[in-house]
1. About the Cα centre, and with charges only on the beta carbon of Lys, Arg (+1) and Asp, Glu (-1), how big is the dipole of the range A:183-287? Nearest 20 debye, please.
2. Can you give me the accessible area per residue for chain B, using a 1.4 Å probe, in Å²?
3. Treating the angle as unsigned and between 0 and 90°, give the value, to the nearest 10°, between the Cα long axis of helix A:132-141 and the longest Cα principal axis of chain A.
4. Just the Cα atoms of the protein assembly as shown, one point each, no solvent: what log10 I(q)/I(0) does Debye give at q = 0.08, 0.09, 0.10, 0.11 Å⁻¹?
5. Using a Gaussian network model on chain B with a 10 Å cutoff between Cα atoms, which of B:Arg163, B:Arg109, B:Arg272 fluctuates the most?
6. Provide the net charge surrounding A:Lys195, with neighbours chosen by a C-beta distance below 12 Å and charges set as Lys +1, Arg +1, Asp -1, Glu -1.
7. Tally up the carbon and sulfur contribution to the accessible surface of the range B:95-219 as a whole percent, 1.4 Å probe, everything protein left in place.
8. Over all directions, how big on average is the projection of the convex hull of the alpha-carbon atoms in the range A:60-124, in square nanometres?
Amino acid sequence: MDRIAGIINLDHEQDMMDELTYFRCGAAVPFAGRYRMIDFTISNMTNSRIESVAVFARRKYRSLMDHLEQGKAWDLDRKRGGLFILPPDWNDPTDISKGDLQHFHNNIDFINRTLADYLVVSGSQNICNINFQDVLQEHKKADADVTVIYSKVDELYPEHQRAHKLDIDENNRVTAIHNDHSSTNVYMDMYIIEKDYMYELIEKCIAHGCSHFFLDGIKAKLPEINIHAYEYTGTHALINSIESYYRNSSKLLDATEHDNLFKDEAPVFTKIKNEAPSNYTETSSVRNTMVANGCVIEGHVEDSILFRGVKVAEGAVIKNSIIMQRCEIEGDAVLENVILDKDCNISNGKTLIGAPEKPYVVAKRRTM
Amino acid sequence: MKNKECVAMLLAGGQGTRLKSLTKQIAKPAVYFGGKYRIIDFPLSNCTNSGIDTVGVLTQYEPLILNDYIGIGDTWDLDRKHGGVSVLPPFMQAEGGGWYSGTANAIHRNLKFLNQYEPEHVLILSGDHIYKMDYNAMLNHHKETGADATISVIEVPWEDANRFGIMNTDEEGRITEFDEKPEYPKSNLASMGVYIFRWDVLKQYLIEDAEKENSSHDFGKDIIPALLYDYKKMMAYTFEGYWKDVGTVESLWGANMDLLKKNPELNLNDQRWRIYSKNPNQPPQYIAPAATVKNALINEGCRIYGKVDTSIIFYDVHVGESSVVKDSVIMPGVKIGKNVKIHRAIVAKGSVIEDGAVIGDPSPDSEITLVADEGSVLATSFATN
């Protein structure tokens, strides 16, 4: 088996999720009842037997570090390899690089020291369940310099506009990387590359004063190098806005979508909270809802997602909403098309109703 | 910093025959409880929450799953450089060896383990009870009274007192008599099987007891009577709170049902006294549009399409369409098909209940049905008229 190391590059990701990213980066946004966005990326790596993972963090990474700890939840608390959270080194006197190449430059030791022969570089906004060993097999078979991962989407949504698209020939070789809004070959911000080749490309990019590794090191070299396209066909969600967050969260209430993302053989790991099982009382009525542990539900909940430790008092009604960790919804409150960030408190009888296409978002720790 | 003030010894070797086939392949302390936990989570979490960081777990009967579950103790924060959890099975030595023959024998055989920590006190626990208790408060009481031994007691209803080891105390709480299952109990203070001994005193009595040929090498039958006989200072420490022996199918079921009462005595959501347990990494539970769930505890990874009423559902359980689960305990990974009816039952881990099966007897005082052999239960095979 070939050894792969992982880099989770958050450097270029924008924090576009309004209230949810005021004080945290997109990778740390809670998702799907008990996870953070980055859990899916790291779990994909763990499930692909990647034992060494670096996280390039630039902004608002306090809650991310709190969540990741030493990587124990993903089995990455290792003597060899493990999890490395790597913010940029602001004081490196040898550093002439810009953009995310600054990260590659500052942390070139991670690439030098890893025992792996290949590197997977991924962002955190493409939620999927993928096996990178399979990608590597195809990469080697195609004798590619770089293999980029993409998904053919059935329907284009606004979130796809910000993603790169691929033109691919009959041999699955990438012929163009562009931003054409009508293309449905959505690049998933993930690629696999040989370690030594990556090192060489980084050196060249820095020497030439480039700033963005993917754009300047890979996309710009498209005519000279062999970029192979790997098609991912499983459940995929690109989340880079409140609207895409809300729509893709609701999609998980569909059994098929749910089963494709949460697989027994490739589970999604996350930090453990040791909550008790959720408690449904005599007065509760719940339907079509995902519920994490530690909840106490006395009221009515439908078409919603409840994170860990949420309390819904008797008489409260929650519809089409996402309620994050430890929120308390008091009696007779009504929530519809709402996203509540962590630790919110909705007092007795309060009504909050958002539009189905634009949910009402309440920032963390608010009392209403 | 070699010595420890107090080391806990947890007796987890019991078979628990009264739990029938639930303990055919696992030791009783590893039996599931409360939608998420195993019985042993309670004493181990109590140790961690009480600040006791050194625990010996004495195993004997079917230890595979128990050993695996305890692991390095990280679940309870007991993965420590000095101390932590140690699994102590019976072993052979140059001069022979064999199985643990009694509770006192089990501790005596592990003198070496205890000696490495030179403890001042030893806390003896059993792995069969559901309760939340601050052992540190008991230890403080033990030290303040200058006792040689302190036994934790709980007031039981007078009519049940003849089923327990009963302590008779004077007005200061000093134990004057100990009656094992007395026909005419003189008090209703029952021993909980939680003891703290001064280690130097206990060590001496264990060594003396080991030499006695007619001794059964048991704490209740031999060690405690011997201390009493010698007028050692033995104090009772009264525990107030929820405490339940889950030794039978009926009591295991009953203790689970206690969790569903309004404001249950045993609060599992107390953030200051958490019960730690292995978390199986399952997605959140899903309650389908046609499902109805009332008065239930449900764990992650479950998919509920049918009706769940007054029941405890462990992780990764599927309840199919039009099925009814009432007054029951469904252990991990159970797959329940469509149109199944389950009443007053405990369904053991991994069982597959096929479409249309009827299990258990809904009438209020009927016996609890146990479905405990892994495998599939065919329709009507458990039907009662």
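The values are calculated or read from the model by the stated rules, or taken from the named source; none is laboratory data. This is a predicted model, so every value here is computed, not measured. Here the Cβ is made from the backbone with ideal geometry for all residues, glycine too, and neighbour counts use every protein chain on show. Each accessible area value is taken on the protein alone, full model and side chains, heavy atoms only, with ligands, DNA and RNA left out. Shrake-Rupley method; radii C 1.70, N 1.55, O 1.52, S 1.80 Å.
1. 260
2. With the other protein chains kept in place, chain B gives 42 Å² per residue.
3. 30
4. Values, matching the q order: -0.77, -0.93, -1.07, -1.20.
5. Fluctuation is largest for B:Arg272.
6. That sum, taken over residues with Cβ under 12 Å, equals -3.
7. 45
8. Numbers: hull surface 22.4 nm².
Projected over every direction and averaged, the Cα hull of the range A:60-124 covers 5.6 nm².
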